[in-house]
Every structure is written in structure tokens, then in C-alpha cells.
Amino acid sequence: MPMKLYSTNHQSPLVSLKTAVLQGLPPDNGLYMPQNLPPLPGSFIESLKPDKSFQEVALTVATHLLGDELSAADLERIVNEAFFFDAPLVNIHDNIHTLELFHGPTLAFKDFAAQFMAKLMGQYVRESGIELTILVATSGDTGSAVANGFLKVPGIRVFILYPSGKVSPTQEQQLTTLGHNITALEVAGTFDDCQAMVKQAFLDNDLRPHYQLSSANSINIARLIPQSFYYFRAYAQLPDKSLPLVISVPSGNFGNLSAGLIAKKIGLPVSQFIAATNVNDVVPEYLQTSIFRPRPSLATYSNAMDVGNPSNFPRMLALYDENIQQLKKDLNGFVYTDAETIAAMQAVYKNFSYILDPHGAVGYLGLQAFIAQQNSALNGIFLETAHPAKFGQVVEHALKQKIDLPPALAATLELPKNATLLENDYDALKSYLLDIA
Ligand SMILES: *Cc1c(COP(=O)(O)O)cnc(C)c1O
């Protein structure tokens, strides 16, 4: 039976994967979720050994979830093109491991999601012969992960809007040096202005004859599903699978953790998840009080997790059929300040010579705290969501030493910036798009 997706608000019709992916959001403003998440065969879980490659693992899980919607050959091509980098499991000490999710082109875990979504959309474009135009507003990292995913995908053009002077120099280089089918638009305004311009473009009837627009939105289901793949790859690499497994996920919008819960639902043997956050602790608070209290975010060192209204929260509840007690059984919340984050980075470097980025440090702390509460031995994995060089200033402040840029990032910093300046005004975007159409 082909996969059907429902809206978490239950006021929109069931749709196919293709519709959900190209539409992004259901008309009732909920979030798309797969209607059925059947378990994988036990033989697959037993077959998960360290030498099973990321692509092999991903293809089996992708076929299980999406195999009725895409041909075997197409899925294999999408998986192979998207996942040209691995997620290595690295032992830190005892039974504590980190899953390094920063080996993709932009050195953060969002590469997994962005690559898969882009190649899947590329497949839909190839099937239908349409030309697709992606408009995306970014405050920094998401835009470059998305742009890298779509880089050189035939039939798709990408326009990234970013706020002038409000992204880091490194991020700006990552956004403006790709070329090919990627165009960077530097807007003399804020991130919110960029987002408002993108929204208005989607509603503009004058653009419709010239562009088929899509959003590559951060809550697109095509970004959630591939994030479940690396949990299986992590398990495959565990040297000793006899102990119960706890996975700690440093979280902001909770897409990463939602994907982990999906992995568990379809059969990955995980006994506990940890929702580890900085002081933006809406979800850990919810797990204590059962009250969801979104509020403005606070700035922290782990700034990719500075989220005051976690957008994937309805998906977590939906996975548990809104049964809060059951969710609480599987999920523990822990909250850390910047001072605690820095102290963890220092301790792990001093004791184990491993450099954590501030997000991974929050994940490590949550895992440690949970394990300290238990009486029995456990396997622990925390996710390292970014390369420490991406947060070089914080890392250098914590460890009092320079951190080397990975070669790919260093090379990007040398490339010429290529961006088109736009006034902070929707008409500027509109006439730009109409001029080049
Ligand atoms: C986006 C991001 C997170 C948060 O992930 P969510 O899926 O939003 O919870 C954590 N760390 C880094 C480095 C990120 O870029």
C-alpha cells in the first residue's frame, strides 16, 4: 500500500509522499506525518553490523518507508547521491559513544536531511519534466545545507535570501560561493524580513506563470525521514549490543529527536531517549509539568538550539497518539546553562582529548546525567550535531587554543563571494525574479 501522510491537525486530506514533499505544509497548518510506521523485520536489526555502510542501512530503511512510492532503482540512486558521507560512531570512554553527524558538506547534521530532500525533489522534477524554483530564507546554517543539497540538481534553481550583515562571515561564504544553480540574495533587512518576502512570493499570482515555487521548508517530511537513517547506522557500529541503549539528542526544533522516535517505532532497539537542551527548555519543562509553554528564545552558545517554540513538538505527540504518559516513559529531559556547557567541553577535552562543539556538549551532559541516575550498565550515545570548527569562537574560548578548520571549509573561505543585493522590500524581490524569468 502506498504511503499516505496525514496532518497532525487532522483537518486536511491524506496525501501522497510526492504531494507532501512538494507542498511542504498541509493546508490546515499542521505537519505531515506517515500514517503507518510498521516495524522492520527483526532479521534486518540482527544484520546491523559495523561493516554495513551508511548507504546500505539507509537504503533498507528508505525502502521500508518509501518503497511503495518510488522504484527500487530511483530510491537507490537518491540514497547513493545523497549520502556520500558517513556518520561514524566514536568511543569517548567506557560505554559512552558519540555519533559524529558533521561529516557532510556544511559540517552539520542538517546535511543528511537537506541532501535527501533535494535528491528526492530532483527525482520528482525528472519524472514530471517541470522546472522547480526553491525560495528559502535563512538565518545562516539551514540555507547552506539546503543549497548544498540542491547544488547541480538538474531542473531545480535555488534562491537563498539572507539578512545582510547578520550571518557570520563563514556562513556568508558558505551561502555565496556555490554558483551553478544556486543564487544568493543579500537582503538589507533581518531574517524575519527575508522570511516575509519568501512568504509573499508564494502568494503572488504574477510570479506563477514564470515560476513553480517550492519552499524546502525545515518541517518538510522529506527532511524528517532521512534523519531516522543515522540512528540505525549508529546502532550498527555499537561494539557490544548486549546492554540497553540510551541516546541523547541535543535539541532545538526537535526534528532530530522526532526522527529518533520514528527509528524506535519501526524497530530500532533503543530503551531511552534524552531530550537535552540549553536554557530554551520548553520540552524538558513539558516532560515535568505536562504543560507546553512556548516563549521567546534566549541566546546561548549552542545557538542552533535557541528555539522558544519547537516546531516538531506536535510530531512527537502524534507518534505517541497524544499519550503523554507513554512519551514520558521513553523520553527524559535535561537542561544546561552555558557555564555547564563550557565546563563539559573542558572536562571532555582534558580527560579524553575529544573536542566537543557546544551542541554536542549539551547532549553529552544529558547522557551523563541520565546514566548517573541508573543502577545498571548501559550503552550511551550522544549526537554530535556540528563540527567544533563551526563554533570555533566558543570552542577557543572554552579550550584556550586555536581550532583547525577542516580543509573543505578553509577552501570555501577563499572563494569569491557572489551575492545580489536586494532592498528590504518585497517589490525588489519581485522585479528581480520577473527580470530574470
Ligand atoms: C539544527 C541544529 C540542532 C537542533 O536540531 P533540531 O532538529 O532542531 O532539534 C542542534 N545542533 C545543531 C548544530 C544544529 O544545526
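The values are calculated or read from the model by the stated rules, or taken from the named source; none is laboratory data. If you're wondering where the values come from, they're calculated on a predicted model, not measured in any experiment. Here the Cβ is made from the backbone with ideal geometry for all residues, glycine too, and neighbour counts use every protein chain on show.
Which of the helices (runs of 4 or more DSSP H) contained wholly in segment 1-114 include at least 3 residues that are surrounded by 20 or more Cβ atoms within 10 Å (Cβ to Cβ)? Working first, answer last.
Details: elements: 17-23, 42-46, 54-66, 72-82.
Fully inside segment 1-114 and qualifying: 17-23, 54-66, 72-82.
Restricting L120, L135 to those that are out of contact with any strand residue (DSSP E or B) (no Cβ under 9 Å at 6 or more places or on another chain), more than 23 Å from K390 (Cα to Cα) and in contact (Cβ under 8 Å) with a residue 12 or more places away in the chain reduces the list to L120. Residues in segment 235-270 that are farther than 27 Å from T8 by Cβ and either within 16 Å of the ligand (Cβ to nearest atom) or not aliphatic (A, V, I, L, M) (or both): Y235, Q237, P239, D240, K241, S242, P244. Yes or no: segment 191-211 includes at least one residue that is within 16 Å of the ligand (Cβ to nearest atom), under 29 Å from D281 (Cα atoms) and not small (G, A, S). Yes, segment 191-211 has at least one match. Just so you know, in segment 165-188 the residues that are touching a strand residue (DSSP E or B) at 6+ places or on another chain (Cβ under 6 Å) and either of a type outside the set (S, T, Y) or at pLDDT below 95 (or both) include one that is surrounded by the fewest Cβ atoms within 10 Å (Cβ to Cβ), and it is N181. All told, S218 meets the bar of being within 16 Å of the ligand (Cβ to nearest atom), modelled with pLDDT under 90 and within 19 Å of the chain's Cα centre (by Cα).
Of everything listed in (1) over 21 Å from the mean Cα position of the chain (by Cα); (2) closer than 18 Å to L429 by Cα; (3) without any contact (Cβ under 8 Å) to a residue 40 or more places away in the chain, the single unmet condition for G189 is (3).
Kindly provide the set of residues from segment 197-221 that are of a type in the set (G, A, S) and closer than 24 Å to F313 by Cβ, ordered by number.
We begin by selecting, within segment 197-221, every residue of a type in the set (G, A, S); these are 201, 214-216, 218.
Scanning segment 197-221 gives S215, A216, S218.
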